[in-house]
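In what follows, a single structure is set out as structure tokens and then discussed.
The values are calculated or read from the model by the stated rules, or taken from the named source; none is laboratory data. Keep in mind the model is a prediction, meaning the values are calculated, not measured. A quick note on method: Cβ atoms are made from the backbone with ideal geometry, for glycine too, and the neighbour counts reach across all protein chains shown. We work out accessible area using only protein heavy atoms, side chains counted, and drop any ligands, DNA or RNA first. Shrake-Rupley method; radii C 1.70, N 1.55, O 1.52, S 1.80 Å.
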Amino acid sequence: MTSTMDRRSLLSRAALGATGLVAATAMGSLAPETAFAATQQFADAGQPDPNFAEGLIMGRNQDLLQVQGSDGRLHRIQLTGVTSVWKLRPTTIDQARIGDGLYARGVLLPDGILAAEAIWVNIVNLTVAITAIGRNGVQLDHHGQKVVGHVQSGTTAAVYNGTPAVSDLSMLKVGRHAQVIGAWRPGTNEIDIATIYTSN
Amino acid sequence: MAGITAEASWFCCGNAWGPCGSAGHGACGTCNSGSMQHAWPNTSDACYAITRPDSCGITGMSRRTCGFRHATTSLCTGKRIVTSIADCGPQTDLFCGERSCCGGNCASNRVIDFTPAAFSALGLSLSSGLSPVSIDVA
């Protein structure tokens with residue numbers, strides 16, 4: 001994901017165009033440059049970042065997502081042609097569906113819509129212990145909670161102590177600790193594994 | 001302790017969905033995935049006993065407590081953020097010697113864990129999971 005000024009400016013233009021807001025106010029505060037300039041002011045340490053959102057997708061109207069934040073806040077997240085989308089792997093905006101969880105980073109527009117630069121759908125990053133290894137997946141212990149990790153052929157990769165990612169999972173060992181980047185299957189304790197980091 | 005180069009990862013905390021739902025607000029009681037925060041492996045004696053960075057050969061790691069601010073620069077993107085301590089972690093000892101690189105810039109050992117908001121503010125994709133960073137006092 002890149003975050004150059006050109007990209008953010010492009011993102012603002014795309015979102016503003018998508019929501020029909022380009023000429024919306026006499027104050028001119030909705031110009032893309034204004035929206036972009038606002039994002040240059042990072043949130044204070046310890047404070048919520050207004051250019052970031054998380055929660056569950058509760059509704060979708062074309063490319064506008066209604067997201068219920070885990071803290072109870074409601075977010076409106078605009079997907080655009082330049083929004084990068086990850087859901088187990090890089091994918092397209094149509095893959096964001098009701099019931100999915102997400103993290104989103106973008107540009108908070110003056111009307112409260114977050115124009116998304118990137119969204120990560122159902123992504124989890126878990127520190128786990130490997131409790132069992134099967135043909136198509138691994139059983140994981142996440143702070144005492146059982147998590148089923150599914151291997152997806154062509155996608156799942158392993159990184160052994162910092163080596164380049166490989167598809168060979170044969171060096172995973174029961175009892176070892178691991179970090180797993182994966183995609184949660186909503187409503188379950190199951191994930192699809194993107195990358196598993198462990199020692200060998 | 002002078003600035004250090006190390007690996008950074010991210011973790012969820014606070015109210016959350018999916019497997020993160022039971023994460024809680026961290027050792028400081030303030031941690032939230034959407035806030036500019038991080039975990040530090042030496043926030044207390046009890047914390048240090050869990051994370052054990054010394055077992056990876058990292059000595060002299062400063063005791064810094066809840067709310068302390070660090071400035072971190074991504075060695076991948078060059079972006080710099082300031083975040084505050086909200087939890088104990090990462091568990092450095094589980095990944096001793098692990099190394100991540102970015103464009104020829106490499107770092108070993110996990111010393112800092114960011115919230116998703118902070119990690120992505122560094123210009124890093126959450127799907128990358130790990131990244132080399134430089135950490136200083138803000």
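Summary table below
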| item | result |
| --- | --- |
| Residue, farthest from the other protein chains (Cβ to nearest Cβ), within segment A:187-200, restricted to residues that are open to solvent by 60 Å² or more (accessible area, probe 1.4 Å) and in contact with a strand residue (DSSP E or B) (Cβ under 9 Å, 6 or more places away or on another chain) | A:N200 |
| Qualifying residue in segment B:59-68 (condition: within 22 Å of A:Q179 (Cβ to Cβ), in contact with a strand residue (DSSP E or B) (Cβ under 9 Å, 6 or more places away or on another chain) and of a type in the set (S, T, Y)) | no |
| Residue within segment A:73-87 that is within 24 Å of A:T156 (Cβ to Cβ), open to solvent by 30 Å² or more (accessible area, probe 1.4 Å), polar (S, T, N, Q) and touching a residue at least 12 places away in the same chain (Cβ under 8 Å) present | yes |
| Residue in segment B:31-47 that is facing chain A (nearest Cβ under 10 Å) and either open to solvent by 10 Å² or more (accessible area, probe 1.4 Å) or assigned to a helix (DSSP H, G or I) (or both) present | yes |
| Candidate set: segment B:85-97, residues that are more than 17 Å from A:N125 (Cα to Cα) and buried (at least 24 other Cβ atoms within 10 Å of the Cβ); chosen: the one farthest from the other protein chains (Cβ to nearest Cβ) | B:I85 |
| Selection from segment A:48-68 of residues that are within 8 Å of chain B (Cβ to nearest Cβ) and within 18 Å of A:K87 (Cα to Cα) | A:F52, A:A53, A:E54, A:G55, A:L56 |
| Of the criteria (1) at pLDDT 95 or above; (2) open to solvent by less than 50 Å² (accessible area, probe 1.4 Å); (3) of a type in the set (V, I, T), which one A:I98 fails | (2) |
| Residues of segment B:98-119 classified as among the hydroxyl-bearing types (S, T, Y) and either more than 7 Å from every other protein chain (Cβ to nearest Cβ) or farther than 26 Å from A:S199 by Cα (or both), total | 2 |
| B:A23, sole failed condition from (1) within 13 Å of chain A (Cβ to nearest Cβ); (2) modelled with pLDDT of 95 or more | (2) |
| Matching strands (runs of 3 or more DSSP E) fully within segment A:119-176 where at least 2 residues are surrounded by 15 or more Cβ atoms within 10 Å (Cβ to Cβ) and facing another protein chain (nearest Cβ under 9 Å) | A:123-133 |
| Of residues in segment A:177-186 being at the interface with another protein chain (Cβ under 7 Å from one of its Cβ atoms) and of a type in the set (A, V, I, L, M, F, W, C), the one surrounded by the fewest Cβ atoms within 10 Å (Cβ to Cβ) | A:W184 |
| Residue within segment B:57-78 that is in a strand (DSSP E or B), in contact with a Leu (Cβ under 6 Å, 6 or more places away or on another chain) and either open to solvent by 20 Å² or more (accessible area, probe 1.4 Å) or within 10 Å of chain A (Cβ to nearest Cβ) (or both) present | no |
